[in-house]
1. I need a count of the residues in segment 190-206 that are touching a residue at least 12 places away in the same chain (Cβ under 8 Å) and either at positive phi or not in a loop (DSSP other than H, G, I, E, B) (or both).
2. Got a sec? Which of 171, 154 is under 13 Å from residue 131 (Cα atoms) and free of Cβ contacts under 8 Å to residues at least 24 places away in the same chain?
3. Just for segment 252-267: of the residues that are buried (at least 19 other Cβ atoms within 10 Å of the Cβ) and in a loop (DSSP other than H, G, I, E, B), which one is nearest to the chain's Cα centre (by Cα)?
4. Of the conditions (1) without any contact (Cβ under 8 Å) to a residue 12 or more places away in the chain; (2) buried (at least 17 other Cβ atoms within 10 Å of the Cβ), residue 162 satisfies every one except a single condition; which number is it?
5. Scan segment 20-34 and report the pairs whose first residue is without any contact (Cβ under 8 Å) to a residue 24 or more places away in the chain and whose second residue is assigned to a strand (DSSP E or B), with Cβ atoms within less than 7 Å and a gap of 6+ or a chain change.
6. Residues 245, 176: which one is buried (at least 17 other Cβ atoms within 10 Å of the Cβ) and closer than 17 Å to residue 57 by Cα?
7. Would you call residue 281 touching a strand residue (DSSP E or B) at 6+ places or on another chain (Cβ under 7 Å), outside any loop (DSSP other than H, G, I, E, B) and within 19 Å of residue 50 (Cβ to Cβ)?
């Protein structure tokens, strides 16, 4: 059991083992001169559950935003080798007036509808029902309420909130609000789910419950998940791979495979295997924090 560079790639249908997304030599410098990322390279294989673990300010959230297309790297490339537009091994340079390709994809091959993003806060519309909050991304794509109803209700059922479709955010607990946020990200049926510390503000019992629910959904639907967290314990419980980052500048300092079988239940949290991996991850995080202080 040791830190290692994780290179395993899950085979996509048809035997395609190309990464879902590949970051190569990414540097991100903000307008105020802050170097958020330096020489960030990372291949994400289909079906992986990856946690980005590191101290505040190490660029974890920035990585998610760049992958989602909510910003551009200063230098370096983000490629989508498995996207349909790259099926012949070549990308297309055609772009529409909105900066997307003529096939509805971004210029880098990213397909917006294949990405779901769950932010740190639920960011729900307080004046709208649970149903309307989850319907929002479909409505923005031009889908009517009646056309979207079945899909929205199916998605709410996945997160055990179908009975609360007509409730309002003010009537929900913190954990339920986060479930709505997750449902909103899932309603477009994404292949890649980006999650930016979604459970950080929740109490421990609720957090454990949502960890279990998330793993069940991931195992059932085979998404690729990139999950940002500060918690060693959460990262080991959820992930089959942990990427540890240091700050100032943000960079990868360790890439750790978690070789423990799924499904993982509550008894995994008290197992020797779990404790050993938590110790390894804690040591890697401590080294990352020391590297940040010395840079």
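1. So the count comes out to 7.
2. Working: 171 fails: under 13 Å from residue 131 (Cα atoms).
Exactly one of 171, 154 is under 13 Å from residue 131 (Cα atoms) and free of Cβ contacts under 8 Å to residues at least 24 places away in the same chain, namely 154.
3. 258
4. That leaves (2) as the condition not met.
5. Once the first residue is without any contact (Cβ under 8 Å) to a residue 24 or more places away in the chain and sits in segment 20-34, its partners that are assigned to a strand (DSSP E or B) give 30/36.
6. 245
7. yes
Residue-by-condition table, conditions (1) crowded, with 17+ Cβ neighbours inside 10 Å; (2) without any contact (Cβ under 8 Å) to a residue 60 or more places away in the chain; (3) in contact with a helix residue (DSSP H, G or I) (Cβ under 8 Å, 6 or more places away or on another chain):
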{"position": "118", "(1), (2), (3)": "yes, no, yes"}
{"position": "122", "(1), (2), (3)": "yes, yes, yes"}
{"position": "126", "(1), (2), (3)": "no, yes, yes"}
{"position": "140", "(1), (2), (3)": "no, yes, no"}
{"position": "150", "(1), (2), (3)": "no, yes, no"}
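The values are calculated or read from the model by the stated rules, or taken from the named source; none is laboratory data. Just so you know, these numbers come straight off a predicted model, no measurement behind them. In this analysis, Cβ positions are derived from the backbone assuming ideal geometry, glycine residues included, and neighbour counts consider all displayed protein chains.
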